[in-house]
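The values are calculated or read from the model by the stated rules, or taken from the named source; none is laboratory data. Everything numeric in this text was worked out from a predicted model, so none of it was measured. As a convention, Cβ positions derive from the backbone with ideal geometry for all residues, glycine included, and neighbour counts pool all protein chains shown. Calculation scope for accessible area: heavy atoms of the full protein, side chains included, ligands and nucleic acids excluded. Shrake-Rupley method; radii C 1.70, N 1.55, O 1.52, S 1.80 Å.
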Amino acid sequence: MIIGPEQAIQLLKEGNVVAVPTETVYGLAADALNPEAIAKVFEIKNRPADNPLICHFYSLEQIRDYVKEIPIATEKLMMHFTPGPISFMLDLPGDSPLKFATCGSEQVIVRIPDHPILLNIIKELNRPVAAPSANTSGKVSPTSALMVENDLGNKVDGIVDGGECKVGIESTIIDSRSKHEIVILRHGVIGEKEIQSLLPKVKIRDVNGLERGVTPGSKYRHYAPDTQIFPVDSFSTIVHERKTALLLSQEKFEAINPATRDKFLQHQNYFILLGSMKNLSDLARNFYSMLASLDRLGISKAFFLKEDFGTSSLGKALQTRIEKIIS
Ligand code: TXA
Ligand code: MG
């Protein structure tokens, strides 16, 4: 059910769970200080109990009230990049009320989302909002209210429709607590290059996809539609398949001979165009809805025509998501 922001604030105050828009993906929001509300988020998502929730704030000052300290490098990055698609790992004081949201961990991941509706909700609530992506664990993250409705519509107390997410993939997560290095825990649209331009002297270590288990979520299969997806190097290897779909870029699609494409389509097959490799921002924005469209086709097996997404922050972010969905 679509609700307005005022209703969302009221529901959150009463300990309910509502889906909210952010610039990255929709979040499943709860009052981060309310243990029962947090428990509902885990139940609705069917989320493993050891996988902590990102906490959303409306300002740096609000974050300061809850954490041990905001290290200088972190503050600098926050001032420059937030509100925006980047999240920071920080230390909590021993008696923190955020420990329910962090599953007992002494570190919290904080984020100031760049979406006016959500910022206003957090401000009015005047409490942090815990919000993992608004999908059943293991399903793709939603980038529109309709995608939330399709996955969790009958489980949430309401969905705030804030339009389509302008980034389309989850926030970058970094640990910038140390003076000596910044660790990238999850790739996103803001990456090494952007961070380095602001902090040229600091060493940046990229552990995404390597050091599994740093963020509990990294050990679980993620972002996956119901359909199994297999990577292929060329169209010719699957040309004789039936009742399948091929995910591919605009460029790879255009490179296939039109007569061959038609023949493929005549055998109950589909092409799912991910977008142009020349515009990764657009591709990222549509990425999860393209994946979710697979589920509607009712096919058990699909293929992904491999791409080199390059070394830009967004390219790496897309590459790591692809690696998590392909079998
Ligand atoms: O863009 C985003 O970050 C979105 C929107 C809704 O804000 N949120 C999001 O949350 O992607 P989620 O729960 O789907 O992914 C958060 C990741 C998970 O892998 C989780 O394990 C990790 O961050 N995480 C959260 N809190 C943590 C903590 N205290 N310590 C270590 N890892 C944490
Ligand atoms: Mg998620």
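What does the C-alpha gyration tensor say about the overall shape of segment 141-201? Classify as rounded when a/c is under 1.5, otherwise prolate if a/b is larger than b/c, or oblate. Prolate, since a/c reaches 1.5 and a/b exceeds b/c. Fully extending the segment from residue 311 to residue 273, taken as 0.36 nm per residue of separation minus the present Cα-Cα distance, adds 11.5 nm. Using alpha-carbon pairs under 8 Å, 6+ residues apart, how would you state the relative contact order of the chain in percent? Computed value for the chain: 20 percent relative contact order. Only the Cβ atoms of Lys and Arg (+1) and of Asp and Glu (-1) were treated as charged; on that basis the dipole of the chain about its Cα centre amounts to roughly 740 debye.
Charges were assigned to the Cβ only: +1 to each Lys and Arg, -1 to each Asp and Glu. The resulting dipole of segment 50-142 about its Cα centre is roughly 220 debye.
Packing order of peptides 44-54, 139-149, 230-240, highest average first: 139-149, 44-54, 230-240 (average count of other Cβ atoms within 10 Å over each peptide's residues). For the set 139/263; 45/68; 166/316, the pairs lying more than 25 angstrom apart at their alpha carbons are 139/263; 45/68. Residue 145 sits among other residues whose Cβ lies under 10 Å from its own Cβ, and their net charge, with Lys and Arg +1 and Asp and Glu -1, is -3.
Candidate membrane-span-like segments in the chain, meaning DSSP H helices with Cα atoms spread over at least 20 Å of their own axis and a Kyte-Doolittle mean of -0.5 or above, are 280-297, with no membrane implied.
Residue 261: accessible area at probe 1.4 Å, nearest 10 Å²? So the heavy atoms of residue 261 present about 50 Å² to solvent.
Put 40, 76, 324 in order of accessible area, highest first, and with a 1.4 Å probe you get 76, 40, 324. Model label points for residue 68 and residue 181, set 7 angstrom from Cα along the Cα-to-Cβ axis, are 1.9 nm apart. Of all aspartates and glutamates in the structure, those lying under 13 Å Cα to Cα from residue 155, and not within fewer than 8 positions of it along the same chain, are 43. Positive-end ranking of 276, 238, 208 along the dipole of the chain, with charges on Cβ about the Cα centre, is headed by 238. Segment residue 43..residue 136, full-extension length gain: 32.5 nm, with 0.36 nm per residue of separation and the alpha-carbon distance subtracted.
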